[in-house]
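Have a look at the structure below before the remarks.
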Amino acid sequence: MTTQAHLSWSNRKNWSSLLSAESVQVFLLFSIVLLQPFRALHGFYDSLLIVALIFIIVMAWRKRFPPLPRVFLYILGFYAASIVISTLLSIDRKESLDNIRSEFVKQLIVFGLVIAGPAQGEQKLRTILLAFFLSGFIMSTAGFFPFLLWGSYSTPGNAMTGPRLVSLSGSYTRLGYFYVLYMPFLLLLARERPMAQKIVIYAILSLSMGATLCTLTRAAWICVPLAVIIACVLMKMWRHLVVFLVIISAVLLPLYSLSPSMQSRVRDFSELMDWSGSFGERTAIWESAGGVIAQHPIFGVGYGKYIYRQAYDLNPVNGAQPHCDVHNTYLEILLESGMVGFIAALVLYVYFFRRASLLAKGGDDWWRSYFAYFVAISCAFGLFSLISHVYVKETGRYLWQLAALSWCVPSLISKSKE
């Protein structure tokens with residue numbers, strides 16, 4: 001073979017490797033996880049999801065999926081059926097159909113992309129973790145420094161609060177959700193790392209804590225540290241927990257002393273005593289939603305994160321805001337899909353929780369960290385859900401991606417059953 005022919009064959013081999021199913025899957029996983037929290041890039045992100053859907057269909061046709069447990073397929077079918085039924089009975093079918101596209105279908109796409117078969121499980125894990133790490137790093141630097149220096153990436157101040165950091169997420173509440181996911185991940189990532197890497201992680205953790213405080217979202221102030229503390233306790237990471245508490249003190253004291261808005265929000269915690277302010281506004285919404293749920297207890301009024309805006313007229317309550325969501329995940333699911341949808345969602349969660357616990361029993365230290373993370377964010381979001389609807393947009397997709405990671409090592413599941 002001549003040198004020129006050899007080079008030509010080698011180039012074709014390199015291109016073939018780049019366009020292999022494994023490479024395409026890794027590229028899609030990395031790009032989707034990296035771009036997922038950035039609102040300005042959602043147009044491009046949605047284009048990637050379309051490509052991912054085509055990829056999943058091709059992989060299913062070529063039988064490149066791992067066999068899914070029959071129990072899981074039954075549970076997923078039950079959950080999907082609850083959404084379809086509530087859509088058919090919806091008071092606003094157009095809204096429900098649009099949310100199937102924008103919520104449920106996207107959740108299934110990101111889930112299917114993780115469990116698809118071409119790439120090796122460890123390769124998929126490393127790709128997802130790297131992309132998530134980088135997305136948080138960008139959010140806590142490029143999305144935070146402009147706020148500190150020029151007040152960019154924030155909402156305008158009002159009579160109740162000053163400017164609130166939204167970073168690159170477009171929403172201070174969704175930014176709070178993101179840090180519930182990101183900060184315990186950082187602490188768990190720091191385990192067994194060289195000191196230089198730990199210092200970098202602690203620096204990013206400090207910036208992330210500062211960004212969380214600057215959202216002025218009080219639920220995030222409680223739930224983000226709660227998730228970190230639970231993860232540290234479950235993994236017995238006592239030194240890391242001490243470092244985290246030191247970071248909170250080091251970040252909180254200067255920010256609190258320099259920010260009248262933050263001082264005001266701290267004082268406003270007294271609203272919990274008499275349910276005034278924003279907490280009081282929520283009680284009227286919950287009363288209105290509760291009345292609607294009582295009228296449609298079985299299948300709800302229709303799938304969709306904004307269905308309450310149409311349902312409000314079924315039970316108007318003085319003081320309730322009709323143009324918002326219910327500000328409570330549990331009531332939101334009951335409102336949308338009734339008791340059938342609520343039970344379906346609960347059974348699905350319990351199934352994923354069970355898989356995570358089996359990995360912790362039968363796997364190595366990494367999978368014990370996975371279970372600790374699962375428990376930590378479950379507790380934090382369970383508390384956050386009392387005053388906010390967390391199971392939407394990228395937060396819902398992150399939870400489906402997290403659940404899908406358990407399919408990257410199916411052998412460990414079977415070993416733990418034995």
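None of the figures in this text is laboratory data; all of them are computed from the coordinates on show. In this text the structure is predicted, and so the values were computed from the model without any measurement. Neighbour counts are summed over all protein chains in view; Cβ atoms, including those assigned to glycine, are modelled from backbone coordinates with ideal geometry.
By the count of other C-beta atoms within 10 Å, a proxy for reagent exposure, 127, 217 are ordered fewest to most as 127, 217.
What's the magnitude of the charge dipole for the chain around its Cα centre, counting Lys and Arg as +1 and Asp and Glu as -1 at the beta-carbon? Answer in Debye, nearest 20. Around 1340 debye, computed over the chain.
Sorted from longest to shortest, the spans of the Cα atoms of the stretch 132-279 along the three principal axes equal 47, 34, 25 Å. Taking amide hydrogens as placed 1.01 Å from N in the peptide plane, the amide H of residue 154 sits under 5 Å from those of 166, each at least 5 positions away in sequence or on another chain. Sorting 150, 367 from the fewest to the most surrounding beta carbons within 10 angstrom yields 150, 367.
Report, in order of residue number, the helices in the chain meeting two criteria: a C-alpha extent of 15 Å or more along the helix axis, and a mean Kyte-Doolittle hydropathy of at least 1.6; treat each whole DSSP H run as one helix. List each step's numbers first, then the result.
On the way: long enough: 3-18 (22 Å, -1.15); 21-35 (21 Å, 2.07); 42-61 (28 Å, 1.94); 70-88 (26 Å, 1.72); 121-141 (30 Å, 0.81); 172-189 (25 Å, 1.23); 195-214 (28 Å, 1.47); 218-234 (25 Å, 2.29); 238-258 (31 Å, 1.91); 277-295 (28 Å, 0.08); 329-362 (39 Å, 1.13); 365-384 (28 Å, 0.86); 393-404 (17 Å, -0.63).
Flagged H segments are 21-35, 42-61, 70-88, 218-234, 238-258.
Its alpha carbons considered, the chain gives a radius of gyration followed by a Dmax of 22.7, 85 Å.
Amide H to amide H distances under 5 Å link residue 65 with 117, where only residues 5 or more positions off or on other chains count and H is placed in the peptide plane.
Backbone amide hydrogens, once placed in the peptide plane, bring residue 303 within less than 5 Å of 87, excluding anything fewer than 5 places away on its chain. For a straight C-alpha distance cut-off of 14 angstrom, the aspartates and glutamates reachable from residue 236 (same-chain residues fewer than eight places away being disregarded) are 192, 365. Within the shell of other residues whose beta carbon sits under 12 angstrom from the beta carbon of residue 292, the net charge comes to -3, with Lys and Arg scored +1 and Asp and Glu -1. When the chain is treated as a Gaussian network with alpha carbon springs shorter than 10 Å, the biggest mean-square fluctuation among 78, 137, 269 belongs to 269. In straight-distance terms, cross-link reach from residue 305 covers every one of the aspartates and glutamates whose alpha-carbon lies under 14 Å from its own, apart from those fewer than eight places away in the same chain; here that gives 92, 95, 98, 103, 325, 332, 336, 394.
If contacts are Cα pairs under 8 angstrom and at least 6 residues apart, what is the relative contact order of the stretch 22-417 in percent? Mind showing how you got there, number by number?
Details: 529 pairs, mean separation 88.5, N = 396.
Here the relative contact order equals 22 percent.
Less than 13 Å Cβ to Cβ from residue 118, Lys/Arg counted +1 and Asp/Glu -1: what total charge do the surrounding residues give? Provide the component values of the computation, followed by the final result.
Values: positive: 62, 63, 64, 124; negative: 22.
After counting each charged neighbour, the total is +3.
Seen from residue 107, the other residues with C-beta closer than 12 Å to its C-beta sum to a net charge of +2, counting Lys and Arg as +1 and Asp and Glu as -1.
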